[in-house]
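Here is the structure we will look at, set down as structure tokens.
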Amino acid sequence: DRFGIKPFYYHYKQLKEFLFASEIKAILQVINSTSDKQTLFDSFAYGYSDHNDRTFFEDIKQLRGGHNLILQNGKLSISRYYKIKSQPCQDSFENAKEKLRELLFDAVRIRLRSDVPLGYALSGGIDSSSIVGIASKINRGSNNTFSMIYPGENVDESFFINKVIEKTGVNHHFVSPTTEDFLKDLDSFIWHQEEPFIGTSYFGEFKLRELIRKNNVTVSLEGQGADEIITGYTSLLYPIFLMLFQICVLKIY
């Protein structure tokens with residue numbers, strides 16, 4: 001799992017016990033754990049959501065994407081086996097564009113091999129729209145998309161979503177999360193989320209997954225990270241510099 005798409009949480013007490021699961025709550029059924037104060041501070045003070053291998057629970061870690069964990073003779077070791085190379089692109093813009101197109105088509109084609117119903121989370125953005133567009137060309141059968149919409153709100157992306165639907169002819173399903181939904185489902189949402197969250201967008205994602213499952217779709221393809229890969233966010237520079245500064249201070253002292 002090079003990118004850590006499927007969670008792997010673990011608890012290790014040297015020479016006594018090793019527990020692992022895809023959800024934190026499964027491990028908490030076996031051990032008692034207190035909150036990790038450093039993780040809480042980083043999250044609420046700086047808005048960090050990536051805490052290396054730490055979680056919000058002191059005795060529970062998360063195996064990061066692109067890493068191997070080996071437990072042998074009572075000794076636990078973790079090593080990194082995959083890292084994206086950062087190097088200047090020597091290709092022309094036209095060649096780079098064509099290579100990206102080929103890779104995207106190949107990535108979607110591979111993930112369409114499934115023996116269970118497939119669906120697509122469609123936000124109207126460039127990443128999810130690209131996936132739905134490619135999938136509709138490869139698989140001309142019944143394609144189902146699922147979207148969050150907020151009619152009348154500034155954040156509503158119905159216009160872009162509908163453009164993709166018109167172009168591809170997919171079967172579309174919508175959900176519009178409300179304040180009433182949030183209050184009604186808060187306990188269930190927190191139970192599934194497991195850790196503190198910053199912002200209500202997570203709840204929208206929660207309701208979207210609920211809609212997908214209600215339609216008997218067990219695997220959904222979605223676009224994540226296109227902005228970061230192609231251009232990146234300048235808002236990320238501050239926390240990166242802050243993290244590097246903290247590392248320098250720790251090394252000095």
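The values are calculated or read from the model by the stated rules, or taken from the named source; none is laboratory data. Since the structure is predicted, the reported quantities are computational estimates derived from the model, not experimental observations. Cβ: placed from backbone, ideal geometry, glycine included. Neighbour counts: every protein chain shown.
A quick yes/no check of all residues on (1) surrounded by 12 or more Cβ atoms within 10 Å (Cβ to Cβ); (2) closer than 25 Å to TYR82 by Cα:
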{"position": "ALA26", "(1), (2)": "yes, no"}
{"position": "GLN29", "(1), (2)": "no, no"}
{"position": "LYS37", "(1), (2)": "no, no"}
{"position": "TYR46", "(1), (2)": "yes, no"}
{"position": "GLN62", "(1), (2)": "yes, yes"}
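Of all the helices (runs of 4 or more DSSP H) wholly in the range 1-114, which have at least 2 residues that are farther than 30 Å from GLY133 by Cβ and of a type in the set (Asp, Glu)? Can you show your working first?
Working: elements: 24-28, 37-46, 93-111.
Correct list: empty, since no element meets the threshold.
Would you mind stating whether SER220 is part of a strand (DSSP E or B), modelled with pLDDT of 75 or more and in contact with a helix residue (DSSP H, G or I) (Cβ under 9 Å, 6 or more places away or on another chain)? Talk me through it step by step, then tell me what you get.
Values: part of a strand (DSSP E or B): yes; modelled with pLDDT of 75 or more: yes; in contact with a helix residue (DSSP H, G or I) (Cβ under 9 Å, 6 or more places away or on another chain): yes.
Yes: the conditions hold for SER220.
Here ILE131 does not qualify as outside any loop (DSSP other than H, G, I, E, B), more than 21 Å from the chain's Cα centre (by Cα) and closer than 23 Å to THR218 by Cβ.
Of the residues making up the range 125-159, those that are among the aromatic types (Phe, Trp, Tyr) and at pLDDT below 95 are TYR150, PHE159. Go through the range 153-179 and count every residue that is part of a loop (DSSP other than H, G, I, E, B), surrounded by fewer than 18 Cβ atoms within 10 Å (Cβ to Cβ) and among the hydrophobic types (A, V, I, L, M, F, W, C). Total meeting the criteria: 1. Checked against (1) under 26 Å from GLN246 (Cβ atoms); (2) surrounded by 14 or more Cβ atoms within 10 Å (Cβ to Cβ), LEU104 meets all criteria but (1).
Being within 23 Å of ARG80 (Cα to Cα), of a type outside the set (S, T, N, Q) and touching a residue at least 24 places away in the same chain (Cβ under 8 Å) is a description that applies to TYR9.
Cβ-Cβ distances below 9 Å connect the following pairs, each with a first residue in the range 21-37 that is not assigned by TED's automatic domain parsing to the domain that holds GLU195, a second residue that is among the β-branched types (Val, Ile, Thr) and in a loop (DSSP other than H, G, I, E, B), and a separation of six or more residues or different chains: ILE24/THR55; ILE24/ILE60; ILE27/ILE60; LEU28/ILE60; ILE31/ILE60; SER33/ILE60; ASP36/THR55; ASP36/ILE60. The combined condition, being surrounded by fewer than 17 Cβ atoms within 10 Å (Cβ to Cβ), within 30 Å of GLY65 (Cα to Cα) and either of a type outside the set (A, V, I, L, M) or more than 21 Å from the chain's Cα centre (by Cα) (or both), is not fulfilled by ASN144.
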